[in-house]
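Asker: Questions regarding the structure given below will be posed in turn.
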Amino acid sequence: MFQQIGKKPSLSQQIVDEITRSIREGKYLPGQQIPTENALCEIFNVSRTAIREAIKILSARGIIEVKKGSGAFVTEVSVQNASEILNMFFELSSDTDLILQTIETRQLLEPQIVREAAEKRNDKHIQLLEKNMLAMQRCPLGQKKKEAELDNEFHRILLTITGNNVLELLLSPVFSLMPKFKVNVFAKPADGDLEAEKTNMLQHHGNILKAITVQDPDAAEMAMRKHLKDTWKNYQKSLIENPKASKD
């Protein structure tokens with residue numbers, strides 16, 4: 001039998017699409033209230049149930065904000081809520097392709113970030129990185145979640161040094177997702193050697209820290225490229241040998 005094609009979106013999704021289009025066209029501005037449920041029922045000639053479902057979808061996507069007793073308002077655009085929306089997208093997506101593409105994105109951006117970090121760093125930044133390295137060294141091998149968070153923190157510190165808010169907005173969701181990926185993928189490494197994996201990561205971080213400390217952008221960039229290339233290979237190997245890891 002043939003499968004049905006061109007399936008028409010549900011009523012609620014059509015309403016979502018129309019309200020979203022109106023916001024994009026500037027008919028409703030950030031902070032402005034959209035029509036009430038009753039008004040939307042009349043506008044779209046649908047039941048209150050369809051309107052409420054559409055409002056829930058728009059709210060979940062961060063497009064509108066529902067204020068109890070006041071109504072629904074177009075969400076104010078800010079770095080914070082934009083980051084939250086991206087975080088939600090990444091949290092809901094955890095397939096193999098996303099994991100590898102996330103690392104590829106880091107390969108494109110982090111070498112330049114670490115170059116700037118090497119140029120802009122101050123003594124306080126070095127102290128933060130050294131403190132992170134010490135905590136990583138002392139982290140027990142079995143505590144993969146804590147280790148993943150410390151690994152993530154090291155890269156976040158480098159990003160903070162640049163002072164670039166746009167980069168923080170773009171990469172914050174990526175960094176937020178990495179501990180989850182690492183715990184799932186490396187909870188049981190293919191080679192079974194937790195210590196070797198940790199030693200390898202510490203060596204990469206140590207090379208990056210050394211280059212930043214002496215303010216050598218070229219060496220910092222090279223160290224980061226090697227680190228992320230190694231990370232990509234390790235993830236790819238683990239995902240091939242343990243394909244269910246990305247879906248846990």
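Asker: Considering each residue of the range 116-135, count those that are of a type in the set (D, E, K, R) and outside any helix (DSSP H, G or I), and give that number.
Answerer: Residues in the range 116-135 being of a type in the set (D, E, K, R) and outside any helix (DSSP H, G or I): 1 in total.
Asker: Same structure, new question: When you scan the range 97-104, do you find a residue that is open to solvent by less than 20 Å² (accessible area, probe 1.4 Å), modelled with pLDDT of 90 or more and under 24 Å from the mean Cα position of the chain (by Cα), even just one?
Answerer: Looking for residues that are open to solvent by less than 20 Å² (accessible area, probe 1.4 Å), modelled with pLDDT of 90 or more and under 24 Å from the mean Cα position of the chain (by Cα), one finds none in the range 97-104, hence no.
Asker: Same structure again: Exactly one of (1) surrounded by 16 or more Cβ atoms within 10 Å (Cβ to Cβ); (2) of a type outside the set (A, V, I, L, M); (3) modelled with pLDDT under 90; (4) not in a loop (DSSP other than H, G, I, E, B) is unmet by S94. Its number?
Answerer: (4)
Asker: Go over the candidates K144, K67 one by one and state the one that is among the charged types (D, E, K, R) and at pLDDT 85 or above. Talk me through it step by step, then tell me what you get.
Answerer: Details: K144 fails: at pLDDT 85 or above.
The conditions single out K67.
Asker: For the range 136-180, how many residues meet the condition of being in a loop (DSSP other than H, G, I, E, B) and either of a type in the set (G, A, S) or touching an Asp or Glu at 6+ places or on another chain (Cβ under 7 Å) (or both)?
Answerer: Residues of the range 136-180 that are in a loop (DSSP other than H, G, I, E, B), as a first pass: 139-143, 163-164.
From what's left, either of a type in the set (G, A, S) or touching an Asp or Glu at 6+ places or on another chain (Cβ under 7 Å) (or both): 139, 141-142, 163.
The total comes to 4.
Asker: Among the residues of the range 209-235, what is the count of those that are hydrophobic (A, V, I, L, M, F, W, C), open to solvent by 20 Å² or more (accessible area, probe 1.4 Å) and under 20 Å from the mean Cα position of the chain (by Cα)?
Answerer: Final tally of qualifying residues: 1.
Asker: Quick check: is even one residue across the range 134-141 open to solvent by less than 70 Å² (accessible area, probe 1.4 Å), within 19 Å of M178 (Cα to Cα) and among the small types (G, A, S)?
Answerer: Filtering the range 134-141 down to residues open to solvent by less than 70 Å² (accessible area, probe 1.4 Å) leaves 135-136, 139-141.
Applying the additional criterion that residues be within 19 Å of M178 (Cα to Cα) yields 135-136, 139, 141.
Remaining after also requiring among the small types (G, A, S): 135.
Yes, the range 134-141 contains at least one residue that is open to solvent by less than 70 Å² (accessible area, probe 1.4 Å), within 19 Å of M178 (Cα to Cα) and among the small types (G, A, S).
Asker: Another question, then. How many residues does the range 105-133 hold that are of a type outside the set (A, V, I, L, M) and open to solvent by 80 Å² or more (accessible area, probe 1.4 Å)? Talk me through it step by step, then tell me what you get.
Answerer: Here is the first cut: in the range 105-133, the ones of a type outside the set (A, V, I, L, M) are 105-107, 110-112, 115-116, 119-125, 127, 130-132.
Now drop any that are not open to solvent by 80 Å² or more (accessible area, probe 1.4 Å), which leaves 112, 119-120, 123-124, 127, 130-131.
So the answer is 8.
Asker: Sticking with this one: Testing M133 on (1) modelled with pLDDT of 95 or more; (2) farther than 18 Å from A220 by Cα; (3) touching a Phe, Trp or Tyr at 6+ places or on another chain (Cβ under 8 Å), one condition comes back false. Which one is that?
Answerer: (2)
Asker: May I pose another question? Are any residues in the range 38-68 touching a strand residue (DSSP E or B) at 6+ places or on another chain (Cβ under 9 Å), open to solvent by 60 Å² or more (accessible area, probe 1.4 Å) and part of a helix (DSSP H, G or I), and if so, which ones?
Answerer: Within the range 38-68, K56 is the sole residue that qualifies.
Asker: Q80: at pLDDT below 90 and farther than 20 Å from Y28 by Cα, yes or no? Quick ask: steps written out before the conclusion?
Answerer: Working: at pLDDT below 90: yes; farther than 20 Å from Y28 by Cα: yes.
Yes: the conditions hold for Q80.
Asker: Okay, next question. Go through (1) open to solvent by 30 Å² or more (accessible area, probe 1.4 Å); (2) modelled with pLDDT of 95 or more and name the single condition L167 misses.
Answerer: Single failed check for L167: (2).
The values are calculated or read from the model by the stated rules, or taken from the named source; none is laboratory data. It should be emphasised that the depicted structure is a prediction, and the values quoted were computed from it without experimental measurement. Note that each Cβ is placed from the backbone with ideal geometry, even for glycine, and that neighbours are counted across all protein chains shown. To get the accessible areas, we keep the full protein, side chains included, count just its heavy atoms, and leave off ligands, DNA and RNA. Shrake-Rupley method; radii C 1.70, N 1.55, O 1.52, S 1.80 Å.
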